Amino acid sequence: MIDQLGRQVVASRPKCATLGLGTLKAAIRKYQKDRRLERAGVTRPDEGEFVFGENAAEAARKQ
């Protein structure tokens, strides 16, 4: 497999898989935490939205 794909590609696969799994785990933890807070009646402040492009600078100044 290393001969066909190359050493760099084969070496990067576990790193990509680990990053993807870590991201998924973090999303699950956040979801579970939000559900627990919601059940307890705690409201979280709005996290806002991402703004890209021409309006980004103006949106940043407003905050």
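Quick rundown of the values:
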quantity: Dipole magnitude of the chain, debye to nearest 20 (Cβ charges: Lys/Arg +1, Asp/Glu -1, about Cα centre); calculated: 480
quantity: Angle in degrees between helix 7-39 and the longest Cα principal axis of the chain, rounded to the nearest 10; calculated: 20
quantity: Residue among GLY6, PHE50, GLY22 farthest towards the positive dipole end of the chain, charges placed on Cβ; calculated: GLY22
quantity: Helix-only [θ]222 nm of the chain, DSSP H runs n ≥ 4, -39500 (n - 2.57) each, per residue, nearest 500; calculated: -23000 deg cm²/dmol
quantity: Which label in [x] 1.03; [y] 1.88; [z] 1.15 gives the computed Cα Rg over 2.2 N^0.38 Å; calculated: [y]
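Each value in this text was obtained by applying a stated rule to the coordinates, not by laboratory testing. This one's a predicted model, so the numbers in the text were calculated from it and none came from an experiment. With ideal geometry, Cβ positions are generated from the backbone for all residues, glycine too; neighbour counts draw on all protein chains shown.
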